[in-house]
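Read the figures in this text as sums done on the coordinates, not as results from a lab. Given the structure is predicted, the values throughout are model-derived calculations rather than measurements. Here Cβ is always computed from backbone atoms with ideal geometry, including for glycine, and neighbour counts include all displayed protein chains.
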Amino acid sequence: MKTTTSNTRDSESNIVLQIENLYKAFGENKVLNGFSLDLKNGENLVLMGRSGSGKSVLIKCLVGLLKPDKGKVEILGNDISTLSQSDMDELRTSIGFLFQGSALYDSMTVRENLEFPLRRHTRKLSSKEMEALVFEALESVGLKHTVDLMPAELSGGMQRRIALARALILKPKIIIYDEPTTGLDPITSKEIIELMNSVQEKYKTSSLIITHDVDCARVVSNRIILLLDGVNYAEGTFNELSNSNDTKIKAFFK
Amino acid sequence: MAESTSFYNKITSFFEEIGEMTRFAMRFFKEAVSPPFEFRELLKQCFFMGNKSFFLVAVTGFILGVVFTLQTRPTLEEFGAAAWMPSMISISIVREIGPVIIALICAGRIGSSIGAELGSMKVTEQIDAMEVSGTNPFKFLVVTRIAATTLMIPLLVIFGDFIALIGSALIENIKDDVSYQLYFTQVFEALKFSDLIPATIKTFFFGFAIGLVGCFKGYNSKKGTAGVGKASNSAVVYTSMLLFVIDFVAVFVSDLFYN
C-alpha cells in the first residue's frame, strides 16, 4: 500500500475515493458504461439510481467483490487493481460497509458479530479493551442492551443498526451504505437516517450512500450523483437536482 | 431432437460441475497450507461435528450391530457355524458396513448442514460481508469445514464400529449366552491390520468428500432461498454417490495390496 507520498497527495486533493471510467458488463448486459465519481474527505455523497441500474454492482467493484472490466478505482490513494490480496484486506479495514440486508452472521451473537473484525485485525487487544470497543459501537447506535442476543431475535431496523455498529467498530475512514433504508418502515427509516448523520459527526467519516429513498438523500446528502444507463447522468446538491427541469432527473424526485 | 439436446446439456453441465469441484478442491489444498491458519474455527467445527453427530452415530451403530447379528444368526446356525459369529460380524462391520453406513449418516447430517449453512450465508451476503471485512471467507468457512470433516469422520466411524460391536455382543450374550469377554477376544483375534488400516484410511477420504461437496454446493449456491434448499439436497445426493465411488476405488486398491 502507498504510504507517505500518497497520503500527502490525498490530503492535498482531499479525495478519499475516486472512480474513473468504470465499465462492467455481464454478458450482453452492460451495467456500467464509463462511470466516474469522486468522494471528498468528510463528505456524504449520495448515489441515486433506479432499481437494476447498477448501483450495487458499482459498490461491489469498489470493495473488490467484483472485478471491473475496465477503469480505475482508487481508495485512499491506492489503486485497488494493483493491490495484493493482503494489501486489499488491509485497505478493507479502512472501509465500513453496510449491506442492504444487514448481513449479520446469524450463527453468532451481536457481541461476536462485533468482535469478529476486531479479533481478525487487532490481535493485541485484551478482552477488556475489546469489550469496551463493542459497547462503544453499540452505544453509538443505541443498542447496548442487545449485546448477547442473536440476530434472529432483533427487528429489521435493529439488525441494520447492529450492522452499522459492526461497520464502525474498526473506525473506518469511509463508509459505504447499500440501500440503508430499504425494507424499513418510515419511522425506522428516519431513525436510521438520523443515525447516519450522527455517525458522520462522531466518527468524521466520508460516506457513499447508495439509495433511491428521496427522504434519505435530502437529509444526509452534501452532493448527489444520478446513475443512469451506466453513467453519471447528473450531479449536484439536493436542491439543484430536485428543481431541475430535466424530465429524467425530475422522475427521481417525484 | 429437443430431448437429445437436453440430455447433451445435462451431460455437459455434469462434467462442468466435476471440473469446478476439482478446482474448488485444488483451492482448498492451496489455502490450507498458507497462513494465517484458522485453528480456533477448526476446533469449533470439529466440536460441532463430533458433538452433534455423536448420538446419531451411536444409535445407528448400535442398531446396525443388533440387526446384523439377528439377521445373520439363523443362516450361520443352519451351517453349524454360530461360533464364527464374532469374527464374521467384526470383519464385515469394520471393513465395509460400518464405514459406509456411518459415512452415509454423516453425509445426511453434516453434509446437508454445511450446504444449507453456507448457502444461506451466501444468499444473505454474509460471505460478502466477511470478505469486505478483510477476512478470507474461503479459508475461514471452507478450509476449516473440510479439514474438520476429514478429521472427524474417521473418529465417528471408529466410534460407530465399536458401538455396533457392542450391539452385536449384546445379542450374542442374550441369544447364546456368549460372554462379552469371549466375544471381544474372538473379535480381536479375527481382525488384522489388513482389515483395520485400509478401512480407516478410506474414512479420511469419506470425510474429505462430505466436507468438499457440502462446502462446494453451499458456497456456490444461487437463486435465493430456493437455492439454499437445493444446495443442501444436492450436497447429500452427490456425497452419497461419491462415497460409493470412493468405497469402490478403496476396496479395489486394498485388494491389490493385500492379495
The local net charge around B:Gly115, scoring Lys/Arg +1 and Asp/Glu -1 for residues other than B:Gly115 whose Cβ lies under 10 Å from its Cβ, equals +1
Cross-link reach from A:Lys248 to aspartates and glutamates, straight Cα distance under 18 Å and at least 8 residues apart if same chain, gives A:Asp213, A:Asp229, A:Glu235, A:Glu240
For A:Leu17, other-chain or 5+-apart residues with amide H closer than 5 Å (H placed, Pro excluded) are A:Leu39, A:Leu76
Computed ³J(HN,Hα) along segment B:18-24: with the Karplus parameters 6.51/-1.76/1.60, θ = phi - 60°, integer Hz and x for glycine or proline, the list is 4, x, 5, 5, 5, 5, 4
Against the 2.2 N^0.38 Å rule of thumb, the C-alpha Rg of the protein assembly as shown sits at a ratio of 1.23
Distance in nm between A:Lys30 and A:Lys171 label points, each 7 Å along Cα→Cβ, equals 4.5
Rounded to the nearest 10, the angle in degrees between the Cα long axis of helix B:39-78 and the longest principal axis of the Cα atoms of chain B comes to 40
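List the equivalent ellipsoid semi-axes of segment A:100-171 in whole Å, largest first, each obtained as the square root of 5λ for an eigenvalue λ of the Cα gyration tensor. It would help to have the intermediate numbers written out before the result.
Values: eigenvalues 72, 28, 24 Å².
Semi-axes from the Cα gyration tensor: 19, 12, 11 Å.
Write down the Kirkwood hydrodynamic radius of segment A:60-135, to one decimal in angstroms, obtained as one divided by the mean of 1/r over all alpha carbon pairs.
Details: mean 1/r = 0.0691 Å⁻¹.
It works out to 14.5 Å.
Could you list B:Tyr183, A:Tyr177, A:Tyr233 in order of exposure, starting from the residue whose Cβ has the fewest other Cβ atoms within 10 Å?
Numbers: B:Tyr183 22, A:Tyr177 29, A:Tyr233 17.
Sorted ascending by nearby Cβ count, the order is A:Tyr233, B:Tyr183, A:Tyr177.
Once you list every other residue whose beta carbon is under 13 Å from the beta carbon of B:Gln186, what net charge do they have if Lys and Arg are +1 and Asp and Glu are -1? Before the final figure, lay out the partial values.
Numbers: positive: none; negative: B:Glu172, B:Asp176, B:Glu189.
Here the charged neighbours net out to -3.
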Short to long, in 5 Å steps from zero, the percent of alpha-carbon pairs of chain A per bin is 1, 6, 13, 17, 19, 17, 14, 8, 4, 1, 0, 0
A correct Karplus calculation of ³J(HN,Hα) over segment B:214-222, with 6.51 cos²θ - 1.76 cosθ + 1.60, θ = phi - 60°, whole Hz and x for Gly and Pro, returns x, 5, 4, 5, x, 5, 9, 5, 9
Note: A:Arg50 to A:Glu194 extended length (0.36 nm per residue) minus current alpha-carbon separation gives 49.5 nm
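With all pairs of different alpha carbon atoms counted, what Kirkwood hydrodynamic radius in Å does segment B:51-124 show?
Working: mean 1/r = 0.0695 Å⁻¹.
Radius from the Kirkwood sum: 14.4 Å.
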Counting sequence-distant residues (5 or more places) and residues on other chains, those with an amide H built under 5 Å from that of A:Asp69 are A:Tyr23, A:Lys24, A:Ala25
Between A:His145 and B:Ile63, the two model label points (7 Å from Cα along the beta-carbon direction) sit apart by a distance in nm of 4.7
Along principal axes, largest first, the alpha-carbon spread of chain B in whole Å comes out as 66, 54, 35
Note on segment B:36-254: contact order normalised by length, alpha-carbon pairs under 8 Å, 6 or more apart, percent, works out to 36
The local net charge around A:Arg50, scoring Lys/Arg +1 and Asp/Glu -1 for residues other than A:Arg50 whose Cβ lies under 12 Å from its Cβ, equals +1
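Just want to confirm a number: the relative contact order over segment A:100-171, from Cα pairs under 8 angstrom separated by 6+ residues, in percent.
50
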The exposure ranking of A:Arg166, B:Arg73, fewest beta-carbon neighbours within 10 Å first, is B:Arg73, A:Arg166
Of the listed links A:Lys190/B:Lys122; A:Lys30/A:Lys202; A:Lys70/B:Lys139; A:Lys70/A:Lys173, those spanning more than 32 angstrom between alpha carbons are A:Lys30/A:Lys202
